[in-house]
Amino acid sequence: MFEPFHPQEHLQITAAGLSVTLDPLSLLYRIDTPGYTWRQSPVHAPQILLKDGASLPFSQAKNIRHCRYDSGVGTGILSSYDGFCLPDGSLSFETLVWIEYATGFVHFELIPAVDNADFACVRWPAPFLFETARQEDVTVMPVMQGLLIPNTWENEVRSLPFNGQFGSAAAYMPWFGQIADGHGYLAICEQPWDAGYFVDHPAGGPGTHTGLYFLPSLGRLSYRRCARFQFFTSCDYNDLCKAYRAYAKETGLFTTLAEKSARGPGIDRLIGSAIVHKGIKTHVSPDSFYYDKEHPQRNDLVVPFCKRAREIRRYYQKGIRKLYLHLDGWGDPGYDNRHPDYLPACEEAGGWREMQNLSDTIKDCGYLFGLHDQYRDYYMDAPSYDREFACQAPDGSIPEMARWAGGRQSYLCATQAPYYVRRNFEEVLRHGIRLDASYLDVFTCNEGDECANPRHRMSRRECFERREACFSYLWSKNILPSSEECGDWAMRQLVFCHYGPYDFMLAKPGSPRRGIAVPLFNLVYHDCLILPWPMDRLPDTEDYMLYALLNGGAAYVDKDGAYPNCDGAFDEAAEKRLDEEIARYQVVAALQERVAKCEMVRHELLDWQGRRQKSVFSDGTTVSIDLDQGTYEIHIG
């Protein structure tokens, strides 16, 4: 099983048509595949990052040893790194890099040994050198819906949402890849809850470096961390997506809308529905980032439930036969206030009685009804607020912020969230509110939380499990679960979400883009999730309806932004007349009803700027768009 290497020689293993070589001086690997060699970057050598910003290269371990490792399923190189001296303890670990005989996958494993020191993260394995000056050579990144960074991309890319953490808007799926001259690799993080990735692309390039990092779990390395690399001799980004789709099936994440329809027949009514997003009460606290000091009267607004009921009837009179109303701000405190103590229904808007009348109106029209709710932001003015149940950092501190409308908040430990979900929804249902769906905010947008309170200690992985438990409760009440974005950790439970946009859609129009937007998520999961798309036509840029068609998604007919200049709500995207919006929705809905349960089998960039694109669905339907001309073509399969 173990065979020592000579300490001065390059260490090499060979299997399945690949060879992996370790340089014992630089501690970098070279992977030779048929026709291409991938070399790790010496500029980004493996290192431990400390909380004070300092870095500790692997080469500074007191003792480093390497040996050959063989098992019945593969051959590899096992390395031991002993005696890192950190400010508050010590750290030792092993790395195992091995080739799997059956598949040719190269596995990178980080295995803790002595583990009693806190740190910021471990960056390993090192990124591959990727510095060619060809725009065709691209880094494939799962930022929101998806992104390609050509090696010669004009804009600098060095920051990612949520610092690149997997399970957040930075990465709906825990993988990335690179393609050079048709040769490529797919890197999958197999324990994504305590991990992320980083990117380094200078303006104009040439080249991009991207790699993994592993976070401590409750202050420790704690458990074995694994990444799987799959190498290709001829591929594009479609091939990487399909390889990850196979992995999602292998691991049990992949659950289609057809399968979910067996649990909740309302899914078929949701497909093709006009998505209407409206609010009831707004209250912005003076300590909120969004408080308007110049116009204080704008910080409080109430729309009666009966007005929303009239709007619902108007949609019906306009001929819309399928519609889903997502209702914000329905609780007495107002939108983003005093969670999780959101009850009762807003008294100023008519209380439970008028909310029930709205629910009945929706049912009479044959429409679907869902509520916005929140079980992460833990507002300090909530009657039940108690620091005891807030997420506690390993050093004993309670993280706080005051950005959203409700002002000062910490974060509710997710171990408590299912209890509050049950408490609140039982009360809503007891008042005769008929719910077809519900939206649990931020669960699939924000990274996992951890809590060091010994009475409800929680890892990030356990946080995701508790969020899934909240979705499961909704299923038990025949309420279709929804959340903000598209974390694939929730694919077993989630039916739809607020959006799964390209990252540029959440930036101010005209902002520099990180790369070329491509539908990586939909190439993996199109037939598993209903994705609504914005329908704005932005002056002098593009018509977002084209993206809705390209992706075979749902359409917003009316979407009130919860906050100004946030989440894609910009003044430049002016409101259009309702009749025109309905006509546009009907085009999108007709396509969605045809392809919602179909795989997106391929996407093509018809030019290297991404201004002309094409998608192909498994029933043979194709959609082509021209963003410059504002045109589309649909060919039914």
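The values are calculated or read from the model by the stated rules, or taken from the named source; none is laboratory data. Predicted model, so just to flag it, every value in this text is computed and none were measured. As a convention, Cβ positions derive from the backbone with ideal geometry for all residues, glycine included, and neighbour counts pool all protein chains shown. The accessibility values were calculated without ligands, DNA or RNA, using every heavy atom of the protein model including side chains. Shrake-Rupley method; radii C 1.70, N 1.55, O 1.52, S 1.80 Å.
Out of the residues in segment 35-46 that are modelled with pLDDT of 95 or more and not hydroxyl-bearing (Ser, Thr, Tyr), which is most open to solvent (accessible area, probe 1.4 Å)?
Arg39
Inspect segment 346-366 for any residue being surrounded by 22 or more Cβ atoms within 10 Å (Cβ to Cβ) and among the aromatic types (Phe, Trp, Tyr) and give the result as yes or no.
No, segment 346-366 contains no residue that is surrounded by 22 or more Cβ atoms within 10 Å (Cβ to Cβ) and among the aromatic types (Phe, Trp, Tyr).
Keeping to segment 299-321, report how many residues are crowded, with 17+ Cβ neighbours inside 10 Å and either under 21 Å from Ser483 (Cβ atoms) or touching a residue at least 60 places away in the same chain (Cβ under 8 Å) (or both).
2
Assess whether Tyr375 counts as being part of a loop (DSSP other than H, G, I, E, B), at pLDDT 95 or above, at negative phi and crowded, with 21+ Cβ neighbours inside 10 Å.
On the way: part of a loop (DSSP other than H, G, I, E, B): yes; at pLDDT 95 or above: yes; at negative phi: yes; crowded, with 21+ Cβ neighbours inside 10 Å: yes.
Taking the combined requirement at face value, the residue satisfies it.
A quick yes/no check of all residues on (1) open to solvent by less than 40 Å² (accessible area, probe 1.4 Å); (2) at pLDDT 95 or above:
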position: Phe229; (1), (2): yes, yes
position: Phe232; (1), (2): yes, yes
position: Asn238; (1), (2): yes, yes
position: Lys242; (1), (2): no, yes
position: Tyr247; (1), (2): yes, yes
position: Glu250; (1), (2): no, yes
position: Lys260; (1), (2): yes, yes
position: Gly264; (1), (2): yes, no
position: Ile267; (1), (2): yes, yes
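For segment 114-147, what are the residues that are aliphatic (A, V, I, L, M) and surrounded by 22 or more Cβ atoms within 10 Å (Cβ to Cβ)?
Looking only at segment 114-147, we keep the residues that are aliphatic (A, V, I, L, M), and these are 114, 117, 120, 122, 126, 129, 133, 138, 140-141, 143-144, 147.
Correct list: Val122, Ala126, Val138, Val140, Met141, Val143, Met144, Leu147.
Given the criteria open to solvent by 60 Å² or more (accessible area, probe 1.4 Å), at pLDDT below 95 and not aromatic (Phe, Trp, Tyr), does Arg224 qualify?
Numbers: open to solvent by 60 Å² or more (accessible area, probe 1.4 Å): yes; at pLDDT below 95: no; not aromatic (Phe, Trp, Tyr): yes.
So Arg224 does not fit the description; no.
Name the residues in segment 606-637 that are open to solvent by less than 90 Å² (accessible area, probe 1.4 Å), part of a loop (DSSP other than H, G, I, E, B), aliphatic (A, V, I, L, M) and farther than 12 Å from Leu546 by Cβ, would you?
Answer for segment 606-637, where residues must be open to solvent by less than 90 Å² (accessible area, probe 1.4 Å), part of a loop (DSSP other than H, G, I, E, B), aliphatic (A, V, I, L, M) and farther than 12 Å from Leu546 by Cβ: just Leu606.
Starting from segment 411-427, take each residue that is modelled with pLDDT of 95 or more and list its partners that are buried (at least 18 other Cβ atoms within 10 Å of the Cβ) and of a type in the set (Val, Ile, Thr), counting only C-beta distances under 8 angstrom and pairs at least six apart or across chains.
Phe425/Ile479
Those residues that are closer than 20 Å to Arg68 by Cβ and modelled with pLDDT under 95, I need them from segment 94-132; list them, please.
Answer for segment 94-132, where residues must be closer than 20 Å to Arg68 by Cβ and modelled with pLDDT under 95: just Ala113.
Can you name the residue in segment 395-410 that is open to solvent by 70 Å² or more (accessible area, probe 1.4 Å) and out of contact with any strand residue (DSSP E or B) (no Cβ under 8 Å at 6 or more places or on another chain) and, of all such residues, is farthest from Pro333 (Cα to Cα)?
Our first condition is that a residue be open to solvent by 70 Å² or more (accessible area, probe 1.4 Å); within segment 395-410, this holds for 395, 400, 403, 408.
The next check asks that each one be out of contact with any strand residue (DSSP E or B) (no Cβ under 8 Å at 6 or more places or on another chain); those that pass are 395, 403.
Working: Asp395: 33, Arg403: 17 Å.
The residue in question is Asp395.
Could you list all residues from segment 337-361 that are of a type in the set (Ser, Thr, Tyr) and within 18 Å of Arg313 (Cα to Cα)?
At the first step, the residues of segment 337-361 found to be of a type in the set (Ser, Thr, Tyr) are 342, 359, 361.
Across segment 337-361, the qualifying residues are Ser359, Thr361.
A quick yes/no check of all residues on (1) more than 33 Å from the chain's Cα centre (by Cα); (2) within 22 Å of Asn116 (Cβ to Cβ):
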{"residue": "His44", "(1), (2)": "no, no"}
{"residue": "Gln47", "(1), (2)": "no, yes"}
{"residue": "Gly53", "(1), (2)": "no, yes"}
{"residue": "Lys62", "(1), (2)": "yes, yes"}
{"residue": "Ser71", "(1), (2)": "yes, no"}
{"residue": "Asp82", "(1), (2)": "yes, yes"}
{"residue": "Gly89", "(1), (2)": "yes, yes"}
{"residue": "Thr95", "(1), (2)": "no, yes"}
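Filter segment 47-68 down to residues that are open to solvent by 50 Å² or more (accessible area, probe 1.4 Å) and either out of contact with any Phe, Trp or Tyr (no Cβ under 9 Å at 6 or more places or on another chain) or not β-branched (Val, Ile, Thr) (or both), then give me how many there are. Quick ask: steps written out before the conclusion?
Pass one, segment 47-68, residues open to solvent by 50 Å² or more (accessible area, probe 1.4 Å): 51-53, 55, 59-60, 62-65, 68.
Then keep just the ones that are either out of contact with any Phe, Trp or Tyr (no Cβ under 9 Å at 6 or more places or on another chain) or not β-branched (Val, Ile, Thr) (or both); that gives 51-53, 55, 59-60, 62-63, 65, 68.
Residues flagged as open to solvent by 50 Å² or more (accessible area, probe 1.4 Å) and either out of contact with any Phe, Trp or Tyr (no Cβ under 9 Å at 6 or more places or on another chain) or not β-branched (Val, Ile, Thr) (or both) within segment 47-68 amount to 10.
Please tell me if Thr103 is in a strand (DSSP E or B), surrounded by fewer than 16 Cβ atoms within 10 Å (Cβ to Cβ) and within 33 Å of the chain's Cα centre (by Cα). Show your work before the answer.
On the way: in a strand (DSSP E or B): no; surrounded by fewer than 16 Cβ atoms within 10 Å (Cβ to Cβ): yes; within 33 Å of the chain's Cα centre (by Cα): yes.
It is false that Thr103 is in a strand (DSSP E or B), surrounded by fewer than 16 Cβ atoms within 10 Å (Cβ to Cβ) and within 33 Å of the chain's Cα centre (by Cα).
Go through (1) touching a helix residue (DSSP H, G or I) at 6+ places or on another chain (Cβ under 7 Å); (2) open to solvent by 50 Å² or more (accessible area, probe 1.4 Å); (3) closer than 27 Å to Glu542 by Cα for Pro512 and report which single condition fails.
Here Pro512 meets the rest and fails (1).
Report whether or not Gly510 is modelled with pLDDT under 95 and either small (Gly, Ala, Ser) or not in a loop (DSSP other than H, G, I, E, B) (or both).
Yes.
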